[in-house]
1. Tell me the residue from Gly141, Gly123 that is more than 29 Å from Gly75 (Cα to Cα) and over 15 Å from the mean Cα position of the chain (by Cα), please.
2. If a residue has to be buried (at least 16 other Cβ atoms within 10 Å of the Cβ) and small (Gly, Ala, Ser) to count, how many in the range 117-146 make the cut?
3. Does Met86 fit the bill of being without any contact (Cβ under 8 Å) to a residue 40 or more places away in the chain and part of a strand (DSSP E or B)?
4. Which of (1) surrounded by 15 or more Cβ atoms within 10 Å (Cβ to Cβ); (2) in contact with a Ser or Thr (Cβ under 8 Å, 6 or more places away or on another chain) is the odd one out, the single condition Met112 does not satisfy?
5. Quick one: in the range 62-92, which of the residues that are within 13 Å of the chain's Cα centre (by Cα) and of a type in the set (D, E, K, R) is surrounded by the most Cβ atoms within 10 Å (Cβ to Cβ)?
Amino acid sequence: MSRKMLAVAAFALMAPIAMAQAQLKFGIGAGASIPNGDFANGIETGYHLMATAGIQPPLAPVGFRVDGMFNEFNGESPSTAKLRIMSLTANGVLSMPGAIVLSPYVIGGVGMYRASISPKITGVDSETDLGVNIGVGVKFGLAGFGAFGELRLHNIMSDDGAGNNVNSRFIPITFGITF
C-alpha cells in the first residue's frame, strides 16, 4: 500500500474519533446593543442577554452554534416605550484550531427575530421576521471554564406593510462565559 493511501486510510479512521470527542458547550453572555442605520432613529443604545449552545470537533476549524438572545432598547426621550427583540439564530463558527490562549473566530448565520413594543401601542403589532448576522470574536481560557468576547451585526429583514423592504440593524457587543 502506498504512503498516500495509508495516510488517507489513517485520516478516515481518525475523523469519526475526533467527531466523537467533540463536546457540547453552553454559554451565557450580556452586553450593549447599539442600533445602526435608520433603525437608530428614535432608539437609544440598549442591552442584551444571550444563551448559547455549540459544538466544535477538536482540531476542526468549523463548528456550529445556536444562540438565543433578548434585546431591549429604550425610545428616545420623551418616549417611555421599549422595543424588545427576541431571537433564535443558527450559526456557523470558523475558528483557528490549535490556538490555546486566544482563539479568534468568525461567526455568521440566520435566524428568526420577534420584535414587540412595551407598553403596547394601538395599531402596532408584534412581528416575527427572518434575519442574518455576521461577526467576529475571540475565545480565551480561564480557570475551569472559557470566556469570549464578540461583536456582531444583526440585520432583520421586514417590510413596512406597504410592500417596501425595511432592514433593522443593530450591533450587540457581548462578553460571556462557556462551560
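1. Details: Gly123 fails: more than 29 Å from Gly75 (Cα to Cα).
Only one candidate qualifies: Gly141.
2. Of the residues in that region, 3 qualify.
3. Numbers: without any contact (Cβ under 8 Å) to a residue 40 or more places away in the chain: yes; part of a strand (DSSP E or B): yes.
For Met86, the condition - without any contact (Cβ under 8 Å) to a residue 40 or more places away in the chain and part of a strand (DSSP E or B) - is met.
4. Evaluating Met112 over (1) surrounded by 15 or more Cβ atoms within 10 Å (Cβ to Cβ); (2) in contact with a Ser or Thr (Cβ under 8 Å, 6 or more places away or on another chain) leaves (1) as the failure.
5. Checking each candidate, the answer is Asp67.
Let's see how each residue does on (1) part of a strand (DSSP E or B); (2) within 19 Å of Leu49 (Cβ to Cβ); (3) aliphatic (A, V, I, L, M):
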{"site": "Ile121", "(1), (2), (3)": "no, no, yes"}
{"site": "Ile134", "(1), (2), (3)": "yes, no, yes"}
{"site": "Val138", "(1), (2), (3)": "yes, no, yes"}
{"site": "Ala147", "(1), (2), (3)": "yes, yes, yes"}
{"site": "Asn155", "(1), (2), (3)": "yes, no, no"}
{"site": "Ile171", "(1), (2), (3)": "yes, yes, yes"}
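Where a number appears in this text, it was derived from the coordinates with a stated rule and is not lab data. Everything numeric here is computed off the predicted structure, so don't read it as measured data. Ideal geometry is used to build each Cβ from the backbone, glycine not excepted, and the neighbour counts take in all protein chains shown.
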